[in-house]
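*Asks:* Sharing a structure with you now.
The values are calculated or read from the model by the stated rules, or taken from the named source; none is laboratory data. Given the structure is predicted, the values throughout are model-derived calculations rather than measurements. Glycine gets a Cβ as well: all are built from the backbone with ideal geometry, and neighbour counts include every protein chain shown.
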Amino acid sequence: MQVDIVKQAREAAGLNKNQLAALAGVPASTVSRIESGAIDPTLGMLDRLLRAAGYVPNIELARGSDPIVAACARVILTGQEFEALNNTEISSRLDQVAKSWIAQRFLNPDRTLSAAPRELAREAGRRSELPLRPNVRAYRLGLNWVATASRIDATKTKWASTGAKAAQRLGASGEGVSPAIFYVENIDLAERVLKAQPIERGDSCDTLLIPFDGFSEVGAWRDNDGLWWADPMQVVIDCYGMNDDSISMADQIADEWDRLDESEVLSNGGKAEKMGSRVKPVQKASGRRSTNVKSTN
C-alpha cells in the first residue's frame, strides 16, 4: 500500500522519480526502491516523500482479522497441527501471537494456560472476526442454509460450514439471525454456482464465503448426511468473532468444558472430539499440560 501511495502522489504531482527525490532530499535510488517494493519506507520517510509531492499522509485505523490468531489458539487448546506452520514466516508470526497472550496473561511464561479456555477462545475470535477476514465475500442470497450448502457441494470442491449453523450442529441452541458462513476451496466457483454478486461488507448480508487459508479449514469433518463442518474448536472461535447470537452459542459449548473434570480433559490426547457439543480443550488453566506453540528464539 505504501508503494502505491508514493507512486500515486508522485504521478499526481507530475513528477518523475528524480524530481521527487530532489524535492525530498533523498537519493533517487530510494524512491525507485520504495516504488518497486524492494524496501518498506518508515513512516518518517513516507511523510517526507508525500509532502515533497504536495500531499500529507492520512492514516485511518481499521480493525483487522488474522486467521493465524485462531490457529494459534487451536494449537494451544487442542494440540492441532498445521502443515502451514512448516513455513518459517508463519511459525514466527504464531510465536508472536503466543507472546502477546503471555503479556495479556492468557498464557503463563511456559505457555500453559493461565486463563479459562473460553477466555482464550474469545480473545482469538475477537482478533479473527469472520466478516473482516482477508478476501471474505458477503452476499444477500435469499436462500436457506441447506440450499446454499447444496449448491456449494455441487461444485465438487472442498468446503466447510462454520458460525451459528455449525454451533447448532454441535448441540448449541440460538434464535438470533446470523449469516450462513462457509469456508470454500474455490470461492470464484462457489460464487458462480450461487449466481451471486458480492455486496459491501458493511451491508446487511445473509451469507459469507471465506477462502481456505491453510488454517481455518484444517480439521473439517463430514457427517452422516454428507455435510461438511469446520473443526469444532474453529467453530467456537469463529462464533466468538461474530456480533450476534453466535457468541452465546459459543458460550454454551464452552459451558461443556467447565463441566468436564480434569482427567477427562487430559485424556483427549491432543485432539478435539466431535461428540455433540463436547469439544474438549486438552488443557485447562492448571498449567499441567504444555502447548505445542514453541518459541523460535
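*Asks:* Within region 99-110, can one find any residue that is part of a helix (DSSP H, G or I), surrounded by 18 or more Cβ atoms within 10 Å (Cβ to Cβ) and among the hydrophobic types (A, V, I, L, M, F, W, C)?
*Replies:* Among the residues of region 99-110, at least one is part of a helix (DSSP H, G or I), surrounded by 18 or more Cβ atoms within 10 Å (Cβ to Cβ) and among the hydrophobic types (A, V, I, L, M, F, W, C), which makes the answer yes.
*Asks:* Would region 149-164 turn up any residue that is at pLDDT below 95 and surrounded by fewer than 21 Cβ atoms within 10 Å (Cβ to Cβ)?
*Replies:* No, there is no match, as no residue in region 149-164 is at pLDDT below 95 and surrounded by fewer than 21 Cβ atoms within 10 Å (Cβ to Cβ).
*Asks:* Take L85 and decide whether it is free of Cβ contacts under 8 Å to residues at least 24 places away in the same chain and outside the structural domain of E11 (by TED's automatic domain parsing).
*Replies:* The answer is yes for L85.
*Asks:* Using the structure shown, decide if R63 is at positive phi and assigned to a loop (DSSP other than H, G, I, E, B).
*Replies:* In short, no.
*Asks:* Here is a follow-up. Those residues that are in contact with a strand residue (DSSP E or B) (Cβ under 8 Å, 6 or more places away or on another chain) and either outside the structural domain of D223 (by TED's automatic domain parsing) or farther than 15 Å from G219 by Cα (or both), I need them from region 165-185; list them, please.
*Replies:* K165, R169, P179, A180, I181
*Asks:* May I pose another question? When the residues of region 31-82 are narrowed to those that are within 17 Å of E217 (Cα to Cα) and of a type in the set (G, A, S), which ends up surrounded by the most Cβ atoms within 10 Å (Cβ to Cβ)?
*Replies:* Filtering region 31-82 for residues that are within 17 Å of E217 (Cα to Cα) and of a type in the set (G, A, S), the one surrounded by the most Cβ atoms within 10 Å (Cβ to Cβ) comes out as A73.
*Asks:* What number of residues within region 102-125 satisfy the criterion of being touching a residue at least 24 places away in the same chain (Cβ under 8 Å) and over 16 Å from the mean Cα position of the chain (by Cα)?
*Replies:* 11
*Asks:* Out of A147, A138, A160, I need the residue that is part of a helix (DSSP H, G or I) and in the same structural domain as D206 (by TED's automatic domain parsing). Which one?
*Replies:* Checking each option against the conditions leaves just A147.
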